[in-house]
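Structure record follows, encoded as structure tokens.
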Amino acid sequence: MSEFYIGVMSGTSLDGIDIAYCEIKQESFELLHSATYPFNKEIKEKILRVLKTPVILKQIGELDTRLGEMYADAIERFISQKKIDKKQIAAIGLHGQTLWHEPESEYPFSMQLGNPNVITALTGVRVVSDFRRKDMALGGQGAPFAPAFHQYIFSRLKAKIAVVNIGGMANLSLLGENLTGYDTGCGNVLMDYWVSLHNSATFDEDGRWAKSGTPNSELLEQMLSEPYFSKKAPKSTGRELFNGAWLERELEIFLHKKGGTLHIKNRDVQATLLELTVSNIANEVKKNEVNLLIICGGGVKNGYLMQRLRSHLAGVEVVSSDECGVSSEFMEAMAFAWLAHERVHKNCVKLSSVTGASKDSILGAIYE
């Protein structure tokens, strides 16, 4: 019997709202329709401001409501444009916008905004949201969640497989009987920050600016000494660590070591940041017996990044998930459609081996 779910995802890059309409049967999963809608620029600026300056509760509450309205508007447009019958939709799986992720504080928490009550009120469709906090209540990291979906969607492939999603952050899934996975570190977030600062662009298209520069090996070595990279799994991270302030601090330390006399070109910094992302992924893949590496997320579109990954991983076949018949662009939105399905059917999601939670559990809250 077929069931139809919508998955909605906006990531740490804050570059768009991905929506996927999926048909789920007992033995199959199919992406029927997909689209990306622009992230409201004013809301994006408010989120970035909230992340780096003191805030009051009023700002958080208003952002929660405004994000709910933004998601609802995108969902309504999607349903109308794709001519979807609302009565067919079993549920909307909503990730929400991560504002802060702190799994190892004294009182661990993860905060995703985008009020699901607003969305179900405006769309008239059931919403499943708040996926991460149950896992954290059971002692887990609350992230990454993608490995469970990667295991589900790629289980048909007979190979020693790793999957890497490169969004704002990069996360690695090691598939097999003992599923594991974790955030390797920064994905596109630092490159996007640097190009927006110096090139008036939101991203480095195809990695052209990075390719025009020369990586600085000393700066790269310094950045790779960040304690997060050597930390053992389970682990997860986000903008609360890898952000503009982190990069500016690393550059300041590096230039101070050089007595303040060295000038490093902006394009060389960009080239070094691309190598940082590639290195922290490749270093983790090399620790495991992998013969097929599947890449998804925005990083797939960066041809130079993909070229450098293949260079670092000689002997490993590096492909995009599109080459395996699964959309690289809408992988995460599809994952949250699937997670909504699992919640509606009260299925435990097998993630404890990934997140470190004390047990697998039913994840997400249903808003009727």
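Is one or more of the residues making up segment 78-87 under 23 Å from the mean Cα position of the chain (by Cα), open to solvent by 60 Å² or more (accessible area, probe 1.4 Å) and of a type in the set (K, R)?
No; the residues of segment 78-87 include none that is under 23 Å from the mean Cα position of the chain (by Cα), open to solvent by 60 Å² or more (accessible area, probe 1.4 Å) and of a type in the set (K, R).
Evaluate segment 226-235: report whether one residue or more is in a helix (DSSP H, G or I), open to solvent by 30 Å² or more (accessible area, probe 1.4 Å) and under 30 Å from L351 (Cβ atoms).
yes
For segment 72-107, give me the residue count where each residue is over 24 Å from G61 (Cα atoms), among the aliphatic types (A, V, I, L, M) and part of a helix (DSSP H, G or I).
Total satisfying the criteria: 1.
Considering only segment 238-254, state which residues are within 16 Å of L273 (Cβ to Cβ) and touching a residue at least 40 places away in the same chain (Cβ under 8 Å).
The answer is R239, F242, N243, G244, A245, W246, L247.
Got a sec? Which of E329, E275, E284, E289 is surrounded by 13 or more Cβ atoms within 10 Å (Cβ to Cβ), part of a loop (DSSP other than H, G, I, E, B) and in contact (Cβ under 8 Å) with a residue 12 or more places away in the chain?
E329
Within segment 35-50, can you find the residues that are open to solvent by 40 Å² or more (accessible area, probe 1.4 Å) and touching a residue at least 12 places away in the same chain (Cβ under 8 Å)?
T36, P38, N40, K44, K46, L48
For N216, all conditions in the list (1) in contact with a His (Cβ under 7 Å, 6 or more places away or on another chain); (2) crowded, with 19+ Cβ neighbours inside 10 Å hold save one; what is the number of the exception?
For N216, the exception is condition (1).
Starting from segment 93-112, keep only residues that are without any contact (Cβ under 8 Å) to a residue 24 or more places away in the chain, then list their pairs with residues that are among the polar types (S, T, N, Q) and in a strand (DSSP E or B) whose Cβ atoms are within a distance under 6 Å, requiring at least 6 positions of separation or different chains.
So the pair list comes out as Q112/T98.
The values are calculated or read from the model by the stated rules, or taken from the named source; none is laboratory data. All figures in this text were calculated on a predicted structure; none of them were measured in a lab. Virtual Cβ from ideal backbone geometry, glycine too; neighbours counted across all protein chains shown. Areas reflect the complete protein model, heavy atoms only, side chains present, ligands, DNA and RNA absent. Shrake-Rupley method; radii C 1.70, N 1.55, O 1.52, S 1.80 Å.
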